[in-house]
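Every number here is computed from the coordinates shown, using simple stated rules; none is lab data. Keep in mind that what you see is a predicted model, and the values were worked out from it rather than measured. For neighbour counting, all protein chains shown are included, and Cβ atoms are generated from backbone atoms with ideal geometry for every residue, glycine included.
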Amino acid sequence: MIFHVLTIFPEFFEGPFAHGVVKRGQDAGLLDIRIHNLRDWTHDRHRTVDDRPFGGEEGMVLKCEPIFAAVESIWPERHPPGQKVVLLSAQGRLFDQSVANRLAECGELLLVCGRYEGVDERVREFVDEELSIGDYILSGGEVAALVVIDAVSRLVPGVLGCATSTADESFSHGLLEYPQYTRPPEFRGLCVPEVLRSGDHQAIARWRRQEALRRTYERRPDLLALAPLNDEERAFLATLRRSSHG
């Protein structure tokens, strides 16, 4: 999968992709990350990418001309849905696991990093999608681009080395992940649950599902509204609710 990042700070990306899962994916030829300097598509000696907004507000706004020129240069012919131009900004749809799953089906993504007071509104008419990684303000879209690339890269076949590696991770099935333990079985009076050491795979699977439900109920109850649950799991949640109110 190919990721393009359009930014005015290409040096920002020199370190983050040199480690971990994303680096392994690049080394294996499964990921290709290309960083593009937006200033390369300017035509004045100062390489200007921003200007003051009409209407007299404070701050600067990224100009539409270099962004349009960059996208059309990188992709002379766009072929959706295999290619998507994504604007990263505070006003976009919230990026979550379902969006990551959908973007992972593309062959190429071009991530446009917003900056300053935002982008010229005409850019929003030009891109395919606008995403935000959370309800807070960042200095620019570069951090958001890192998040999107990392989350989507994990879903590209072969990057994690095992097709089932992401199956039980938080949010994969609408729930937070169940607790994990490793050796030693006892540490400072804190013990690994006996069921995990029992060898009973059916009991372990049931315990893990219930603990995922418990953790989601306690920490992110908003996720339960969309989680696929069976009758037994709904009954378990009802027990949790009665306990918490009783």
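A few notes on this one:
- Working note: Debye formula, equal point scatterers on the alpha-carbon atoms of region 2-153, no solvent; log10 I(q)/I(0) at q = 0.15 Å⁻¹ is -0.76.
- Applying both filters, DSSP loop and at most 11 other Cβ atoms within 10 Å, to the chymotrypsin sites (Phe, Trp or Tyr not before Pro) of region 1-84 gives PHE54.
- Taking other C-beta atoms within 10 angstrom as a stand-in for reagent exposure, SER132, SER243, SER153, SER98 fall in the order SER243, SER98, SER132, SER153, fewest first.
- Whole-Hz ³J(HN,Hα) from phi, Karplus 6.51 cos²θ - 1.76 cosθ + 1.60, for region 116-130, glycine and proline x: 6, 7, x, 10, 3, 4, 5, 5, 5, 6, 9, 7, 8, 7, 10
- Think of each Lys and Arg Cβ as +1 and each Asp and Glu Cβ as -1; about the Cα centre, that makes the dipole of region 2-153 roughly 280 debye.
- For region 186-245, size of Cβ-based charge dipole, Lys and Arg +1, Asp and Glu -1, in debye: 200
- A simple spin-label model places pseudo-atoms 7 Å from Cα toward Cβ; at VAL143 and VAL156 they are separated by 2.5 nm.
- Each principal axis of region 186-245 carries a Cα extent, and these read 35, 26, 18 Å when sorted largest first.
- The residues neighbouring ILE133, those whose beta-carbon lies less than 13 Å from its own, together hold a net charge of -4 under the Lys/Arg +1, Asp/Glu -1 convention.
- Positive-end residue of GLY56, VAL22, HIS43, charge dipole of the chain with Cβ unit charges: VAL22
- Using C-alpha pairs under 8 Å with a sequence gap of at least 6, the mean separation divided by the residue count of the chain gives a relative contact order of 18 percent.
- Here the dipole of region 100-157 is about 200 debye; that uses its Cα centre as origin and unit charges on the Cβ of Lys and Arg (positive) and Asp and Glu (negative).
- Sequence-separation-based contact order of region 55-134, relative, with Cα cut under 8 Å and 6+ spacing, percent: 49
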